[in-house]
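Comments concern the structure below.
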Amino acid sequence: MSSETELKLGVAPEDLPKLRRLALLSRGSLEPAATKHLKTVYFDTADRQMAAAKITLRVREDGRRLIHGVKVPHKSLAGLATRREWEVESRSPVPDFSAFPPGTVETVLDTGALTPDRLEATFETDFRRSVRRLALGTGGEVEVAIDEGAIRAAGRGEVPISELEFELKAGEAADLFTFALAVAEQVPLRVLVASKAERGARLAAGTLAAPAKAPRLDLDAGETTGEAFGRIVTECTGHWLANVEAVLDGSNPEGPHQMRVALRRLRSAFKLFRKVLGPEPSRALSDEVKWLAGSLGPARDWDVFIGDVAGPVFEALGPDARFDRVLLQAEAERRLGYGIAWRALADERHTRLALSLGRFVAAAEWREGGDAKRLDQSVTVFAAEALDRHFKQVRRSGRRIMELEAEALHALRIEIKRLRYALEFFAALFDPREVRRFLDGLSGLQDFLGNLNDLTVAQRLITTLGKSDAGRAYAEGVLTGFYGASLERKRKSLRSQWAEVLVQERFWRD
């Protein structure tokens, strides 16, 4: 078995000639560049077990040789993927598990059940690869590959391959990110999270990139505070990048929602750990995360307005030309909002932020100027202190809750959200039943404050929909009346919801 650490970057086809001429990609060459034609057939079961498990099963034509490969994802950092891989040569045109050494691929596949009659070719890649091995100034080595071609699936057409791949052969991952940042300064690039195999599986299935929720973060009590922070940043960055394609597709509101959640969690992590981090580049990165999250705001606000606030009420009340006109104008605003998000994702700032965060984690850059003593202490100590601090802030923000105006309630909502994010980050360090009980105790109040915020945003948005007239005023009045009455009913239970928060046991003190 071998392990590969590689960073894939997309490049526009029209920029490939410029990329090939780039001096950075030839300076320090350890061997002459080589170009070869690679054609690979990917296999799966009829029920797509390989795609579901993100296991790649392929047969690649390399000249006259047939290379059989099994590849399994291991971990990822800002697009830098580490994968376990087994490759053998065989004359069979279909996967031949007997060609692999005993005790290798059987660790990830039930090879006895994957008989030839159960496997079928699902798609193929066909591209030219130009490869060069370079010495990095830091003493590391990287293999640079430029791929140009297509992914094809029978009956589904094809999608282009136009990408740059860096595979770390020697040295540190941080050096690879530094090198990628230097290249991105000269040629527009974008971080690719989905492999060719994943993109091919989507093409074959006729599906779009699905929005991704945050994976469970399993911190270990034996980790230091610095190590835990690095893992949290890695998880949040991966969550954000996993939703880029879903946002660009624009058909599922969950895409922008999940990406914005990821970015908010990431920014919350910087705030949570700020007293132990070195000020730079932590502060600059947090500011860039804020910029990117802000670019998703208009799209998300209009998604909520149409799908969760105005749309359901107008539909329930039946056909009305005044409602139709408001929704038509809102849809136009939503398209403009998505345009803002798409431009941000195409901006070089987006790529630079992702690569900079990768280097930030790989090199533990937060240690420079940070509190070394606290960074090296057990994360359980830090978690208890942080949760205590956030819980106290929630209690301060909610004093005399029945007298709080909308602005103060919004501030309370933000504090509760920060506490919730912190609990989710550190959940694996504590009894899951205690964590769930605490989160359930927050849910009633958080739901009320979320509904209040949705109405406040909706009232602001509807006033931007063209010239004010009787029709718009009527629609605005309907929404305010409907949700106002609903919130008023819920407000009656606000005191008891707040009491439920106050009585929560601070289990992290045990």
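A few points about this structure:
- Residues being farther than 29 Å from Ala458 by Cα and in contact (Cβ under 8 Å) with a residue 24 or more places away in the chain are entirely absent from segment 323-341.
- Scanning segment 455-470 for residues that are more than 18 Å from Arg334 (Cα to Cα) and at pLDDT 85 or above returns a single hit, Ala470.
- The one condition from (1) at pLDDT 95 or above; (2) outside the structural domain of Leu9 (by TED's automatic domain parsing); (3) among the basic types (Lys, Arg) that Arg216 does not meet is (1).
- Total residues in segment 402-412, condition surrounded by fewer than 18 Cβ atoms within 10 Å (Cβ to Cβ) and not in a loop (DSSP other than H, G, I, E, B): 7
- Restricting segment 159-174 to residues that are buried (at least 16 other Cβ atoms within 10 Å of the Cβ) and over 25 Å from the mean Cα position of the chain (by Cα), the residue that is nearest to Ala81 (Cα to Cα): Lys169
- Pro279 being under 30 Å from Ser378 (Cβ atoms) and surrounded by fewer than 21 Cβ atoms within 10 Å (Cβ to Cβ): yes
- Tally, over segment 243-274, of residues that are within 20 Å of Glu424 (Cα to Cα) and either among the basic types (Lys, Arg) or modelled with pLDDT under 95 (or both): 6
- Residue list for segment 473-510, filter: of a type in the set (D, E, K, R) and either over 23 Å from Leu404 (Cβ atoms) or in contact (Cβ under 8 Å) with a residue 60 or more places away in the chain (or both): Glu476, Arg495, Glu505, Arg506, Arg509, Asp510
- Once segment 272-286 is narrowed to residues that are hydrophobic (A, V, I, L, M, F, W, C) and part of a loop (DSSP other than H, G, I, E, B), the residue that is farthest from Ser356 (Cα to Cα) is Val276.
- Those helices (runs of 4 or more DSSP H) lying entirely in segment 299-389 with at least 1 residues within 29 Å of the chain's Cα centre (by Cα) and farther than 30 Å from Leu455 by Cβ: 321-346, 348-362, 372-375
The values are calculated or read from the model by the stated rules, or taken from the named source; none is laboratory data. Bear in mind the structure is a predicted one, so any value in this text is a computation, not a measurement. Don't worry about glycine lacking a Cβ; one is built from the backbone with ideal geometry, like all the others, and counts go over all protein chains shown.
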